[in-house]
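Worksheet for the structure shown next.
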Amino acid sequence: MTRLKDYSLFFLLLLVAQQVTAQHTISGHISHEETSEPFEGVRIYLSDDVRMSHLTDEEGYFEINDIPNGSYNYTFFLLGYEVVNRRVDISGGDAEFHITLQEISREFSEFTITEQQEINFSIKRLREVEGTAIYAGKKNEVVLLENMVINTASNNARQIYSHISGLNIYESNDAGLQLNIGGRGLDPNRSSHFNTRQNGYDISADVLGYPESYYTPPAEALDEIQVIRGAASLQYGTQFGGLVNFKMKSPNRAEKLEWISRQTTGTDNLFTSFNSVSGSEGKIGYYGYFNYKQGSGSRPNSEYDSKNLYTHLDYHFGENTSLALELTWLKYLAQQPGGLTDAQFYQDPSFSNRSRNWFDVDWKLAALKLKHTFNDQIELGVNVFGLNASRKTVGFRTNRVSQQDDVDEPRDLIFGDFKNWGAEGKLLSRYTLFGKNSVFLIGSKYYQSQNTSVQGPGTAGSKPNFNLASEKYPFYPNQSDFVFPNKNIAVFGEHILYLTENLSITPGLRFEHIRTQSEGTYKRINFDLAGNPIQDDTFEDTRNFDRQFVLFGLGLSYFPRRNMELYGNFSQNYRSVTFNDIRIVNPSFQVDQNISDERGFTSDFGIRGNFNNLLLYDIGGFGLLYDDRLGEVLRAELRQNAKGEMAETGRVVRFRGNIGQAFTYGFESLLDLNLSQLFNQDKELKLNLFLNTSLTNSNYFESDIPGIEGNQVEFIPLVNMKSGLNFGYKNVTGSLQYTYLSEQFTDASNAQQNRKDNQSGIKGEIPAYDVVDISLSYSHKMFNLETGINNLLDNAYFTQRATGYPGPGIIPSPPRVFYATLQFQLEI
């Protein structure tokens, strides 16, 4: 690891130490191919430049200054005209040329007009400004699914996010139906510390009250995945993790109809079918898919069945205005085999003693998106979105994981119903201030939700029955019925100020008004030593949380040369208490009745760029401060006795509350070496070697809970490394990936693992583990064949100790699995 750090430091010093060579100018005119009329507003992009695009003036003239010696790939784009790619070599002077654009005609429908990229990297960076969003100075990574050979059929997150530094992933057997990612000390459970979006609008259950993501788009339908770290809190919400935005594939404007069909089979009865259609007719564009998944899982009692439908329709009123409607539906049912104790896992990780646990999701999303360009300087984007969804769980869960399921006893049933809607608008303006370019963004968001949560006795059967059985089991201890009306109003703004052509600062503010409420009742039932009920009380519990606050952020971006950027940012963060923290009764952990929100900040700094199309790099550090961090510790369980006093029950449970102040810091680096650049004589060769490394440390430096100060923060492996080789020649491509994570604690008390523990399975760390994955692809005309093996060495490991569903207990990760996909593509 010392060598790795030295190697990264060497690269950093080498890149910074390079002298800036002679500066030149590229200029020219752009006109209509037939009429020779000049084009105003043509966007000019440099393929390896993360800065803003350039625009032609009313005379069709453009000028790009301060360009050092080298070769550059430029793209000229104007809506309704063919994309032109031009390679420009500058060796000893300025360059001037003339570009003509031709209208896209149906006569050329047999050609697919795309922006060609000679670089085979699997990741890119967002430009400083894209659409109505500002990313200047922010830590961001964009996964390019099209450039990866991985298991997309089962949404293998370990492969999909292999180029994103520091991500911590929970792995399960459900073919990627749920995404569980964290990082930098954030709990990966259902990605609840990220603001998860699809095409720019929210998709989680409740952004503030219950920000868990039960829906994840299939990777086969994605164009790219945008990950913006904590500084995204100014534009996209308050979360410490930042933003994960799934950008779906868009309509194929060059075809009337494009049909793609992908059929996959694999280990454990895996079968997935993905079918999509895309195209355009006149001003109307469309894209849609249907995705079906089923399998039995690698453990008994782990079957699943999923159906997912998505439709996108857009209409272009003209060159400047478009309106799009998007509808999403997901329905899946999964059996959950439950968790294991340490002793059970090390004896047989495929074991299951839960046959009555089920999980059901019904997710419906709708969004209406308006985009309007007033002129070359001002753009407007408005999203109106809504969610009508539910998730249901029923099963047997107990603090004693090893306890056999009593098939004659009722199961615990939890039903959540989520109804919310929101509207978000952004206005972006480019203008000149003191002779320098400036960009100003202002936006506002209104969000309202009305969610319900019901907990009580389920049936005693083994089928997925999600009906309450309160009349049959009136003295069931875990019963509650709550409504959670939430409201959020936010106003935010950011401004790029260019101090010089290469140096900019981006200050930003976000004002938040949040009202979270809980209205309902819960039961408290006390039993005597024989298990007979002696007290049955129903309590009303109404709470109102009103708060207003302002978040501040600042970004810095400096380009010492065109393809190298020094960046840094600071942003305040905030996370509210969820209603799951307030009221859900769990036999495996207790929640502090005085639990409160957590605040803090995120900071990133580093250097990134592209070195001669040979090396893509991003090297830097980060720091996260948590005030009143929410976490869990192990302690004696407290329950109210018959006298109304709180007393210990003799059991040890996890206790969730505000643990204290914590600081997390670390080093992250991504090095992606395009070895095929060394073989310029063979353009059909692809060979990339990447190394993604995260070294993270942390500690609690203040806490009122004994034994916590000085402990490490949970969910943080010291070493998180992913490395691999992407290769290909002509129509054969493949990838080989190695993943390693060192051990990590799962609670603030830093409890140690006991391999002989045969009771709970929720206590202890997650041991270090490593995994190898391999994938291959072969294409021929309209067909494509993909195959691969995940967990090639068949290692037995786990990534999660669940305190609730799908446990409690250790959740084993999948063993060695094989898959094969056949794709057919037809264009008309």
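Of all DSSP beta bridges in the chain, what percent run antiparallel (nearest 5)?
95 percent
If I fit a long axis through the Cα atoms of helix 2-17 and take the longest principal axis of the Cα atoms of the chain, what angle between them do I get, 0 to 90°, rounded to 10?
Taking Cα atoms only, the helix is inclined about 30 degrees.
I'd like the carbon and sulfur percentage of the solvent accessible area for the stretch 410-467, probe radius 1.4 Å, heavy atoms only, ligands and nucleic acids excluded.
Roughly 62 percent of what the probe reaches on the stretch 410-467 is carbon or sulfur.
Report in % the part of the accessible area of the stretch 658-768 that belongs to carbon and sulfur, leaving out ligands and nucleic acids; probe 1.4 Å.
54 percent
At 20 °C and 1.002 mPa s, what whole-number value in µm²/s does Stokes-Einstein give for the translational diffusion of the stretch 348-432, with Rh from the Kirkwood sum over Cα pairs?
Here the translational diffusion coefficient equals 122 µm²/s.
Please give the net charge around Tyr332, taking every other residue with its beta carbon less than 9 angstrom from that of Tyr332, where Lys and Arg add +1 and Asp and Glu add -1.
Charge balance in the 9 Å sphere: -1.
In the chain, if the dipole is taken from +1 on Lys/Arg beta carbons and -1 on Asp/Glu beta carbons about the Cα centre, which of Gly339, Ser322, Val771 is farthest to the positive end?
Of the options given, the answer is Gly339.
With a cap of 12 neighbouring Cβ atoms within 10 Å, and only residues DSSP puts in a loop, list the GluC sites (Glu not before Pro) found in the stretch 174-244.
When the GluC sites (Glu not before Pro) of the stretch 174-244 are filtered for loop state and at most 12 Cβ neighbours within 10 Å, nothing remains.
When the solvent-accessible surface of protein heavy atoms is calculated with a 1.4 angstrom probe, in what order do His372, His98 fall, highest first?
His98, His372
Suppose every K and R has +1 on its Cβ and every D and E has -1 on its Cβ; what is the size of the dipole of the stretch 369-502 about the Cα centre, in Debye to the nearest 20? Working shown, then result.
Values: 15 positive and 13 negative charges, 63 e Å.
With Lys and Arg at +1 and Asp and Glu at -1, about 300 debye.
Can you give me the Cα centroid spacing of the stretch 153-187 and the stretch 782-821 in angstrom?
About 11 Å separates the Cα centre of the stretch 153-187 from the one of the stretch 782-821.
Counting other Cβ atoms within 10 Å of each Cβ, which chymotrypsin sites (Phe, Trp or Tyr not before Pro) in the stretch 156-252 have at most 12 and sit in a DSSP loop?
Counting only loop positions with at most 12 other Cβ atoms within 10 Å, none of the chymotrypsin sites (Phe, Trp or Tyr not before Pro) in the stretch 156-252 qualifies.
Which value, in Å² and to the nearest 10, is the accessible area of Asp597 when all protein chains are kept and the probe is 1.4 Å?
About 40 Å², rounded to the nearest 10.
Starting from the Cα-Cα distance between Asp592 and Gln548, subtract it from 0.36 nm times their residue separation and give me the gain in nm to one decimal.
13.5 nm
In the chain, once you exclude exposed trypsin sites (Lys or Arg not before Pro) (DSSP loop, at most 10 other Cβ within 10 angstrom), what's the longest stretch remaining? Numbers along the way, then the final one.
On the way: sites that count: Lys643, Lys683, Lys756, Lys781.
Longest gap between qualifying sites, sites excluded: 1-642.
Which one of Ser31, Phe552, Gly182 has its Cα pushed farthest toward the positive end of the charge dipole of the chain, where Lys and Arg give +1 and Asp and Glu give -1 at the Cβ?
Gly182
Between Lys419 and Lys307, what is the label-to-label distance in nm when each label sits 7 Å out along the Cα-to-Cβ direction?
Each label point lies 7 Å from its Cα, and together they span 2.4 nm.
Summing Lys, Arg as +1 and Asp, Glu as -1, what charge do residues with Cβ under 11 Å from the Cβ of Ser27 carry, Ser27 excluded? Provide the component values of the computation, followed by the final result.
Values: positive: none; negative: Glu63, Asp94, Glu96.
So the environment of Ser27 carries a net charge of -3.
Starting from the 7 Å offset along Cα-to-Cβ, what nm value, one decimal, do you get for the label separation of Asn467 and Tyr61?
It is 7.9 nm.
Once the other residues with Cβ under 13 Å from the Cβ of Asn383 are scored (Lys, Arg +1; Asp, Glu -1), what is the net sum?
Working: positive: Arg197, Lys369, Lys371, Lys426, Lys445; negative: Asp202, Glu326, Glu424.
With Lys, Arg at +1 and Asp, Glu at -1, the neighbours total +2.
Convert each backbone phi in the stretch 784-798 into a coupling constant with the Karplus relation 6.51 cos²θ - 1.76 cosθ + 1.60 (shift: θ = phi - 60°), then list the ³J(HN,Hα) values in order as whole Hz, x for Gly and Pro.
With coefficients 6.51, -1.76 and 1.60, one gets 9, 10, 10, 8, x, 10, 9, 6, 3, 8, 6, 6, 9, 7, 9 Hz.
I want to make sure I understand the PRE zone here: with the label point 7 angstrom from the Cα of His780 toward its beta carbon, which residues in the stretch 718-750 have backbone N atoms less than 13 Å away?
Hits in the stretch 718-750 for His780 at 13 Å: 731-732.
At 1.4 Å probe size, with every protein chain present, just tell me what the per residue accessible area of the stretch 151-197 comes to in Å².
For the stretch 151-197, the solvent-accessible area averages 13 Å² per residue.
With r as the distance between the Cβ atoms of His98 and Ala768 and R0 = 60 Å, compute the FRET efficiency 1/(1 + (r/R0)^6) and round to 0.05.
Working from the Cβ atoms, E equals 0.50.
Just want the answer: with Cβ charges of +1 for Lys and Arg and -1 for Asp and Glu, which residue in Ser438, Tyr473, Phe418 is farthest toward the dipole's positive end in the stretch 418-476?
It is Ser438.
Using a 1.4 angstrom probe on heavy atoms only, work out the carbon and sulfur share of the accessible area of the stretch 120-222 in %.
Numbers: 600 of 1530 Å².
Whole-percent figure for carbon plus sulfur exposure: 39.
To check my understanding: the extent here is largest minus smallest coordinate of the Cα atoms along each principal axis. What are those three numbers for the chain, in Å, largest first?
Answer, in whole Å and largest first: 93, 56, 56 Å.
Which residues in the stretch 314-333 have a backbone N closer than 12 Å to a point placed 7 Å from the Cα of Lys283 along the Cα-to-Cβ line?
315-323
Which entries in Lys247/Lys307; Lys463/Lys487; Lys124/Lys487; Lys364/Lys426; Lys249/Lys371; Lys124/Lys293 show an alpha-carbon gap greater than 27 Å?
Exceeds cut-off: Lys463/Lys487; Lys124/Lys487; Lys124/Lys293.
Compute, for the chain, the length of the dipole vector about the Cα centre, with Cβ point charges of +1 (Lys, Arg) and -1 (Asp, Glu) only. Units Debye, rounded to 20.
It works out to roughly 1460 debye.
Taking R0 as 60 Å, what FRET efficiency do you get between Leu325 and Gln404 from their Cβ-Cβ distance, rounded to the nearest 0.05?
0.75
With a 10 Å radius around each residue's Cβ, average the other Cβ atoms per peptide and rank 296-302, 804-810, highest first.
Going by the mean number of other Cβ atoms within 10 Å, highest first, we get 804-810, 296-302.
What relative contact order, as a whole-number percentage, does the chain give when Cα pairs under 8 Å and 6 or more residues apart are counted?
Reported relative contact order: 11 percent.
With every protein chain kept in place and ligands, DNA and RNA left out, what is the accessible area per residue of the stretch 339-442? Probe 1.4 Å, answer in Å².
Value for the stretch 339-442: 41 Å² per residue.
From the phi angles alone, apply the Karplus equation (6.51, -1.76, 1.60; θ = phi - 60°) to the stretch 27-35 and give each ³J(HN,Hα) in whole Hz, x where the residue is Gly or Pro.
Taking θ as phi minus 60°, the curve returns 9, x, 10, 10, 9, 6, 5, 8, 8 Hz for the stretch 27-35.
From the phi angles alone, apply the Karplus equation (6.51, -1.76, 1.60; θ = phi - 60°) to the stretch 764-776 and give each ³J(HN,Hα) in whole Hz, x where the residue is Gly or Pro.
Calculated HN-Hα couplings, in order: x, 8, 9, x, 4, 8, 9, 9, 10, 10, 9, 9, 9 Hz.
For a Förster distance of 30 Å, can you work out the FRET efficiency between the beta-carbons of Glu709 and Lys756, rounded to the nearest 0.05?
0.50
The values are calculated or read from the model by the stated rules, or taken from the named source; none is laboratory data. A quick note: this is a predicted structure, and the numbers were derived from the prediction, not measured. Don't worry about glycine lacking a Cβ; one is built from the backbone with ideal geometry, like all the others, and counts go over all protein chains shown. Side chains are part of the model used for accessible areas, which takes the heavy atoms of the whole protein and leaves out ligands, DNA and RNA. Shrake-Rupley method; radii C 1.70, N 1.55, O 1.52, S 1.80 Å.
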